[in-house]
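Input: a single structure, listed below in structure tokens.
Just so it is clear, none of the values below were taken in a lab; they were calculated from the coordinates. Keep in mind that this is a model prediction, so the values were computed, not measured. Counting neighbours? That spans all protein chains shown, and the Cβs are built from the backbone with ideal geometry, glycine included.
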Amino acid sequence: MPNARKTPLLRGKLWVEINGAAAMTEASADLLEQIAACGSLSEAARRLRYSYRRAWLLVDGMNQRWPRPLVTTAVGGKRGGGAQLTAAGHAVLAAYRDLQVQLETLLDHATVPFRRAVDPATTG
């Protein structure tokens, strides 16, 4: 549609860096949610279609970058292994998701003024 009105939408991505390295991203937050839901790193990875290696590297990176580990793991065996979020993991995940909502709200409120600034003919 060559004549279709091209309407800009504001979008943003949020990540947290510690000492210049990504410590929380959308992918790592999704992984934490799945670990909390199923109690298994391998199952969480399967649910997200991440390789086990990617999931392990995300968890290892988070655990190394944050002052306290976000995830604890236990090696499998007769009783099985598992993974669970620590109190810090729950707190970081909740704060990150809250920030995402705040960012989306900010961008939603800024969209109309932005459109007016770039195209004064815009009404909404």
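Amide H of Gly81: which non-local residues (sequence gap of 5 or more, or other chain) have their own amide H closer than 5 Å, using H built in the peptide plane?
Gly76
With a Förster radius of 30 Å, plug the Cβ-Cβ distance of Leu57 and Leu106 into 1/(1 + (r/R0)^6) and report the FRET value to the nearest 0.05. Walk me through the intermediate numbers first.
Working: r = 31 Å, r/R0 = 1.04.
That pair, Leu57 with Leu106, gives E of 0.45.
Give the label of the value calculated from the structure for Rg/Rh (Cα atoms, Kirkwood Rh), choosing from (i) 1.40; (ii) 1.16; (iii) 0.95.
Working out Rg/Rh (Cα atoms, Kirkwood Rh) from the coordinates points to (ii).
Summing -39500 (n - 2.57) over the DSSP H runs of n ≥ 4 in the chain and dividing by its residue number, what mean residue ellipticity at 222 nm do you reach, to the nearest 500 deg cm²/dmol? Provide the component values of the computation, followed by the final result.
Working: 4 runs with 67 residues, N = 124.
Dividing the helical sum by the residues of the chain leaves -18000 deg cm²/dmol.
Between the stretch 22-37 and the stretch 38-100, how far is it from one alpha carbon centroid to the other, in angstrom?
Using only Cα atoms to place each centre, the spacing works out to 7 Å.
Put a dot 7 Å past each Cα toward the Cβ at Leu9 and Arg97; how far apart are the dots in nm?
Those two pseudo-labels are separated by 2.3 nm.
Kindly give Rg over Rh for the stretch 1-42, based on alpha-carbon atoms, with the Kirkwood expression for the hydrodynamic radius. Could the numbers behind the result be given before it?
Numbers: Rg = 17.6 Å, Rh = 13.5 Å.
Using only Cα positions, Rg/Rh for the stretch 1-42 is 1.30.
For the chain, what's the relative contact order in percent, using C-alpha pairs closer than 8 Å and at least 6 residues apart? Could the numbers behind the result be given before it?
Details: 123 pairs, mean separation 30.8, N = 124.
Once divided by the residue count of the chain, the mean separation gives 25 percent.
Which order do peptides 93-99, 57-63 fall in by mean Cβ count within 10 Å, highest first?
Numbers: 93-99: 14.4, 57-63: 19.1.
Final packing ranking: 57-63, 93-99.
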